[in-house]
Amino acid sequence: MASSDTDLIYSNPHSQVKDFTFDAQVVEVFPDMISRSVPGYNTIIDTIGRLSQRYVQDNSTVYDLGCSLGAATLAMRKAITAKNCHIIGIDNSSAMVERCQMHVNAFKGDTPVSIEQADIMSISFKPMSMAVLNFTLQFIEREYRQQLLCSIADNMLEGGILVLSEKITQVDPVCQDTVTELHHNFKRANGYSELEIAQKRTALENVMKPDTLDEQISRLKQAGFSHVTPWFQCFNFTSLIAIK
């Protein structure tokens, strides 16, 4: 993916820290922001590509839900070997969709890709063999999360796979404090100041509501996925696979 500007959004004091949004300002720095903020992000993206090579079925649809700039979409497009497939990337941010389309156009591949601006809660899914929710579910209101996972499972072909990556919270407050501090140390090591860490945390408080790992697993099983397991975790970030 193309390089981006350095994330300096929270480097100066804000008189009032507004709720975080995926606007044009964030789009400009998003690759830098996520690589310096989410441990293991590149490993997750690479693994999504590898999983698509194994699980995507002929004559099926693949969804990247909350596709942002298309990193997962491009990883899957590069790896998919199944025939007559179609990747659909969906995001509700117009700025993200516009830039994502530019990235998709720049990297050609055999599997056709469509990028759409939409609310993933309101779309009608086509029969799919793979779906990706890469740090997306945490931005959806809690009361709608089970509904979305059920809708995905209901339209998932037998043997299909969902990759769900999320920031999680710990039940034990001591563990929560420890992994939070480890994450903040990760951000410090990547050049973020105390001011940036604090202001970004404030900006996310009202818009990102993480769940526990047990809650994630329970939802996926309730939705109808037969096989569920975490395959990656670093600090308070995890990724799970759920197979129909």
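The values are calculated or read from the model by the stated rules, or taken from the named source; none is laboratory data. These figures come from a predicted structure and were not determined experimentally. Neighbour counts run over all protein chains shown; Cβ positions are idealised from the backbone, glycine included.
Does any residue of the stretch 59-73 turn out to be of a type in the set (A, V, I, L, M) and in contact with a Phe, Trp or Tyr (Cβ under 9 Å, 6 or more places away or on another chain)? Let's see the steps before the verdict.
Quick first cut of the stretch 59-73, residues of a type in the set (A, V, I, L, M) only: 62, 65, 69, 71-72.
Filter once more, keeping what is in contact with a Phe, Trp or Tyr (Cβ under 9 Å, 6 or more places away or on another chain): 69, 71.
Taking every residue of the stretch 59-73 in turn, at least one turns out to be of a type in the set (A, V, I, L, M) and in contact with a Phe, Trp or Tyr (Cβ under 9 Å, 6 or more places away or on another chain).
For the stretch 23-41, state whether one or more residues are surrounded by fewer than 16 Cβ atoms within 10 Å (Cβ to Cβ), farther than 29 Å from residue 110 by Cα, in contact (Cβ under 8 Å) with a residue 24 or more places away in the chain and not aliphatic (A, V, I, L, M).
yes
Looking at the stretch 128-147, is at least one residue in a loop (DSSP other than H, G, I, E, B), in contact (Cβ under 8 Å) with a residue 24 or more places away in the chain and surrounded by 17 or more Cβ atoms within 10 Å (Cβ to Cβ)?
yes
For residue 11, which of the numbered conditions (1) in a loop (DSSP other than H, G, I, E, B); (2) free of Cβ contacts under 8 Å to residues at least 40 places away in the same chain; (3) among the small types (Gly, Ala, Ser) fails to hold?
Checking residue 11 against (1) in a loop (DSSP other than H, G, I, E, B); (2) free of Cβ contacts under 8 Å to residues at least 40 places away in the same chain; (3) among the small types (Gly, Ala, Ser), the one that fails is (2).
Within the bounds of the stretch 209-227, is there any residue that is over 17 Å from the mean Cα position of the chain (by Cα) and more than 18 Å from residue 145 (Cβ to Cβ)?
The answer is yes, given that some residue of the stretch 209-227 is over 17 Å from the mean Cα position of the chain (by Cα) and more than 18 Å from residue 145 (Cβ to Cβ).
Of the residues 169, 178, only one is surrounded by fewer than 21 Cβ atoms within 10 Å (Cβ to Cβ) and within 21 Å of the chain's Cα centre (by Cα); which?
Numbers: 178 fails: within 21 Å of the chain's Cα centre (by Cα).
Going through 169, 178 in turn, the sole match is 169.
For the stretch 155-183, how many residues are touching a strand residue (DSSP E or B) at 6+ places or on another chain (Cβ under 8 Å), among the β-branched types (Val, Ile, Thr) and not in a strand (DSSP E or B)?
1
Picking from 103, 86, which residue would you name as being farther than 28 Å from residue 230 by Cα and either of a type in the set (Gly, Ala, Ser) or surrounded by 15 or more Cβ atoms within 10 Å (Cβ to Cβ) (or both)? So that I can check it myself, show each step before the final result.
Details: 86 fails: farther than 28 Å from residue 230 by Cα.
Criteria check complete, one pass: 103.
Tell me, which residue of the stretch 90-104 that is of a type in the set (S, T, N, Q) and in a helix (DSSP H, G or I) is farthest from residue 72 (Cα to Cα)?
Our first condition is that a residue be of a type in the set (S, T, N, Q); within the stretch 90-104, this holds for 92-94, 101.
Next, from what is left, pick out any that are in a helix (DSSP H, G or I): 94, 101.
Values: 94: 18, 101: 13 Å.
Restricting to residues being of a type in the set (S, T, N, Q) and in a helix (DSSP H, G or I), the top hit is 94.
From (1) surrounded by fewer than 17 Cβ atoms within 10 Å (Cβ to Cβ); (2) at pLDDT 95 or above; (3) in a loop (DSSP other than H, G, I, E, B); (4) β-branched (Val, Ile, Thr), pick out the condition that doesn't hold for residue 111.
(1)
Identify, please: which residue in the stretch 192-223 is among the small types (Gly, Ala, Ser) and assigned to a helix (DSSP H, G or I) and is, among those, surrounded by the most Cβ atoms within 10 Å (Cβ to Cβ)?
Of all residues in the stretch 192-223, those among the small types (Gly, Ala, Ser) come to 193, 198, 203, 218, 223.
Filter once more, keeping what is assigned to a helix (DSSP H, G or I): 198, 203, 218, 223.
Details: 198: 14, 203: 18, 218: 14, 223: 22.
The qualifying residue surrounded by the most Cβ atoms within 10 Å (Cβ to Cβ) is 223.
Check residue 70 against each of (1) in contact with a Ser or Thr (Cβ under 7 Å, 6 or more places away or on another chain); (2) surrounded by 23 or more Cβ atoms within 10 Å (Cβ to Cβ); (3) not aliphatic (A, V, I, L, M) and name the one condition it does not meet.
Of the numbered conditions (1) in contact with a Ser or Thr (Cβ under 7 Å, 6 or more places away or on another chain); (2) surrounded by 23 or more Cβ atoms within 10 Å (Cβ to Cβ); (3) not aliphatic (A, V, I, L, M), the odd one out for residue 70 is (1).
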